[in-house]
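Remarks on the structure that follows.
The values are calculated or read from the model by the stated rules, or taken from the named source; none is laboratory data. Computed from a predicted structure; not experimentally measured. Cβ: placed from backbone, ideal geometry, glycine included. Neighbour counts: every protein chain shown. Accessible surface is based on the protein model in full, side chains and every heavy atom, while ligands, DNA and RNA are left aside. Shrake-Rupley method; radii C 1.70, N 1.55, O 1.52, S 1.80 Å.
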Amino acid sequence: MLVVCAHPYDATFALGGVIGAFADAGTSVHILCLTHGRRPDPTPRRRVDRARDLGRAVRRLGAEDVVLLDHAPGTLGAATIDELAAEIREAAAAADALLVVDATGPGAHPDHVRTMRAAYRAATTTGAVLYAWTLRPAAHGAAHQGLVIDADRARQRAAIACHTGLPEDDPLRSRWMRHQDPAERLVVLRDERTLAPVDRPPEPSSL
């Protein structure tokens, strides 16, 4: 499985429970992060520290490795979907499945939308399954497939603690603490038997 993140914190706060569960089940999990942060860094040193912290965090979760690309924070919209998809395809050469943050709902972060669309295009080319971690409740009678994954929150907390540069009062921490259910939910945006997403993201013509 290749986990494709827009920001380093996505891998732990959002996807950490899922990554740990797949790793525990024997899946070889690899992380690709498109940027080094949510906001521009005032000094290069913070970027190095963030990369170090993420490496420690994903090892706690059981992932094999992590690669950080050089897209500057907040600039994913400046890259074309084809450019991003090509980078993801290169990293996903041996992957059977990709995992992203769900960005199909209203109010999704622009970087997450861009990442999801590029991952969808890469999955369509390689034939990989595309999963999306979501906080949205399952809709009765929805056309998409779903998976429920048990999460080891203690392991996820240990990974989150590796982010030494994130202040204790950062809103990201408080938002995560509101979502402490024992399970995570995934939707299948693309499976290996279809050429279109089961739960089509907005503006499908741009995929």
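When Ala122, Ala103 are checked against the criterion of being in a helix (DSSP H, G or I), out of contact with any Asp or Glu (no Cβ under 8 Å at 6 or more places or on another chain) and open to solvent by less than 50 Å² (accessible area, probe 1.4 Å), Ala122 stands alone in meeting it.
Cβ-Cβ distances below 7 Å connect the following pairs, each with a first residue in the range 146-173 that is assigned to a helix (DSSP H, G or I), a second residue that is surrounded by 12 or more Cβ atoms within 10 Å (Cβ to Cβ) and charged (D, E, K, R), and a separation of six or more residues or different chains: Arg155/Arg60; Ala158/Arg60; Ala159/Arg60.
Regarding the range 69-89, can at least one residue be identified that is part of a strand (DSSP E or B), more than 15 Å from the chain's Cα centre (by Cα) and either more than 20 Å from His36 (Cβ to Cβ) or of a type outside the set (Phe, Trp, Tyr) (or both)? For the range 69-89, residues part of a strand (DSSP E or B), more than 15 Å from the chain's Cα centre (by Cα) and either more than 20 Å from His36 (Cβ to Cβ) or of a type outside the set (Phe, Trp, Tyr) (or both): present. Scanning the range 13-57 for residues that are of a type in the set (Val, Ile, Thr), at pLDDT below 95 and touching a helix residue (DSSP H, G or I) at 6+ places or on another chain (Cβ under 9 Å) turns up just one, Thr35. Scanning the range 56-66 for residues that are open to solvent by 70 Å² or more (accessible area, probe 1.4 Å) and either farther than 9 Å from His30 by Cβ or in contact with a Cys (Cβ under 8 Å, 6 or more places away or on another chain) (or both) returns Arg56, Arg59, Arg60.
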